[in-house]
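The values are calculated or read from the model by the stated rules, or taken from the named source; none is laboratory data. Everything numeric in this text was worked out from a predicted model, so none of it was measured. Here the Cβ positions follow ideal geometry from the backbone for every residue, glycine too, while neighbour counts run over all protein chains shown. Note: areas computed on protein heavy atoms with side chains; ligands, DNA, RNA excluded. Shrake-Rupley method; radii C 1.70, N 1.55, O 1.52, S 1.80 Å.
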Amino acid sequence: MAGEPQADCLFCKIVSGDIPATIVRETDTTVAFRDINPQAPTHVLVIPRAHYPDAAALATAEPGLVADVLREAAEVAAEDKVDGTGYRVVFNTGAGAGQTVFHAHAHVLGGRGLEWPPG
Ligand code: 5GP
Ligand code: ZN
C-alpha cells in the first residue's frame, strides 16, 4: 500500500530504528538526521516517516506531508544557525540527478558558500 514501510529500504530502517542515525529532529510525520557523508558543515536529511520513492510521488499522494518536510527543513536550518547566511533544500529525483536512496528525502545544506547553478 502507498506509504507503507518497505523491508528493503534504508531510510525506512532509520525511521524504525533498525539502523542508527544521528537524529536532530523528529515529528509525528518526519525524521531529520545528519547525512553520513556530509557535503557541507550542515548536511541534514529530512524524510517523511511514510515511504514514497521520491518527492514527486510524495507530493502526488500526500501534499501536506511535503509541507511538513519543508517546515522541518527550515527548523533544522534555524537550529544549525544557517538560516541567516542561507541554505539550500534539494530533492534529487531520479538516478540521473544523483538519487541513490529511493525514499523521498530533502537535503538541507548550509554553512558554506553554495554555487549556483549546482553541478
Ligand atoms: P541521494 O543521493 O539519494 O539524494 O541522497 C542519499 C543520501 O543518503 C546521501 O547523501 C548519502 O550520503 C546518505 N546516506 C546513505 N546511507 C546513509 C546512512 O546509512 N545513514 C545516513 N545518515 N545517511 C546515509
Ligand atoms: Zn522507505
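Using only DSSP helix segments of four residues or longer, with each worth -39500 (n - 2.57), what per-residue ellipticity at 222 nm results for the chain after dividing by its residue count and rounding to 500? List each step's numbers first, then the result.
On the way: 3 runs with 31 residues, N = 119.
It comes out at -7500 deg cm²/dmol, rounded to the nearest 500.
Leaving ligands, DNA and RNA out of it, report the carbon-plus-sulfur percent of the accessible area of region 22-119 at a 1.4 Å probe. Carbon and sulfur: 54 percent of the exposed surface of region 22-119. Taking the C-alpha atoms only, the angle from helix 63-79 to the longest principal axis of the chain is near 40 degrees. Region 22-82: percent of C-alpha pairs farther apart than 18 Å? Within region 22-82, distances greater than 18 Å cover 34 percent of Cα pairs. Given R₀ = 30 Å, FRET efficiency for residue 19-residue 71 by Cβ-Cβ distance, to 0.05? Result of the calculation: an efficiency of 0.75. Taking 7 Å steps out from each Cα toward its Cβ at residue 8 and residue 85 produces label points 4.1 nm apart. Taking the square roots of five times each eigenvalue of the Cα gyration tensor of the chain, the equivalent ellipsoid has semi-axes of 22, 16, 14 Å, listed largest first.
Accessible area per residue for the chain is 56 Å², calculated with a 1.4 Å probe on protein heavy atoms, without ligands, DNA or RNA.
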